[in-house]
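Presented below is the structure to which this report refers.
The values are calculated or read from the model by the stated rules, or taken from the named source; none is laboratory data. Values in this document were obtained by computation on a predicted structure and should not be read as measured data. When we count neighbours, we look across all protein chains shown, and the Cβ atoms used for this are built from the backbone with ideal geometry, even at glycine. Just so you know, the surface numbers come from the protein's heavy atoms only, side chains and all, with ligands and any DNA or RNA stripped out. Shrake-Rupley method; radii C 1.70, N 1.55, O 1.52, S 1.80 Å.
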Amino acid sequence: MLNLIRAVMFRMFYWVTSVFYVLGAIPLLILPGRGPIMTWIQTYTRTMWFLMHRVGGVEVAVKGKEKLPNGPAIIAAKHQSWGDGFIMFSAVDDLAFVTGDHLEKFPFLGGLLRKMGAIVVDNCGGAYARARLVDDELKKAQSENRRILIYPEGHLAPIGQQYRYKRGVFHMYSAYGCPVVPVATNLGLRWPQQHWRLRPGKAVVEFLDPIEPGLDKESFMSRLEKTIEARSIALLGDERPEGVEIGTTLPDPRN
């Protein structure tokens, strides 16, 4: 009963806090530069991290952050939970991120993404979209010495399972010419995918050893996937879900 009350309270705080920060972001869109809006976004994500812990009872430890290189890097992370983004934006300053163009369809959000310097990919653009990503978005991010967050599966994965890793992360790795830092997590144990109810307890988001530039596509994709998935499964420990075949690759939900 107590956990249910905490979950309801967290959901209430979640929406009130989100609406407050969204409304507060509107006047920042007209200010020059990205600095004010990025500071505001990071304040929002750190508030959500605080609420996850103090209200929802989810204590998240970030490990291995010292493995992040100084300067440009690509952060390729496991995506199990709606809370992943809150933790990543809280832990890494001035973070760019890759998202699909579907988010631009929501009122106000498109302008916010552009102001933040998000890398928006045309989901239906194919080779043309990848070329534009390399020619425009990545070069701009590199000139600003930024770190880029990408979720290479492209979807929120159930605990202990995965989706096929998309090749776009290799195109970024090849074009950006900088290390890729894999990130493993077990946060899905505490906040599964987009579920409204949190499960109190400890969780880990862990930065792993960087993958240096220079690998071919097959070697890079294999190493990235095996590194992230093996460590994410290991982080489950004794809490592996019953009735789930660990390590299963799921079909793309958009097919």
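What to note about this one:
- Residue list for region 137-179, restricted to those being closer than 20 Å to Trp82 by Cα, part of a loop (DSSP other than H, G, I, E, B) and either among the aromatic types (Phe, Trp, Tyr) or out of contact with any Pro (no Cβ under 8 Å at 6 or more places or on another chain) (or both): Tyr151, Pro152, Glu153, Gly154, Leu156, Ala157, Gln161, Arg164, Tyr165
- Out of Tyr163, Tyr151, sole residue that is of a type in the set (Phe, Trp, Tyr) and under 21 Å from Glu245 (Cα atoms): Tyr163
- Residue check, Met52 open to solvent by less than 70 Å² (accessible area, probe 1.4 Å) and within 28 Å of Gln162 (Cα to Cα): yes
- Some residue of region 178-192 being at pLDDT below 90 and open to solvent by 30 Å² or more (accessible area, probe 1.4 Å): no
- Filter result (surrounded by 13 or more Cβ atoms within 10 Å (Cβ to Cβ), touching a strand residue (DSSP E or B) at 6+ places or on another chain (Cβ under 8 Å) and outside any helix (DSSP H, G or I)) within region 213-255: Thr249, Leu250
- Scanning region 194-242 for residues that are within 24 Å of Leu4 (Cα to Cα) and among the small types (Gly, Ala, Ser) yields Gly201, Ala203.
- Scanning region 81-113 for residues that are assigned to a strand (DSSP E or B), open to solvent by less than 20 Å² (accessible area, probe 1.4 Å) and at pLDDT below 85, we see that the one that is nearest to Leu149 (Cα to Cα) is Ala96.
- As a summary of the residue check, Leu31 satisfies the conditions (1) under 18 Å from Trp191 (Cβ atoms); (2) open to solvent by 50 Å² or more (accessible area, probe 1.4 Å) except for the one numbered (1).
- Residues (of a type outside the set (Lys, Arg), in a strand (DSSP E or B) and under 16 Å from the mean Cα position of the chain (by Cα)) located in region 50-80: Val60, Ala61, Val62, Ala73, Ile74, Ile75, Ala76, Ala77
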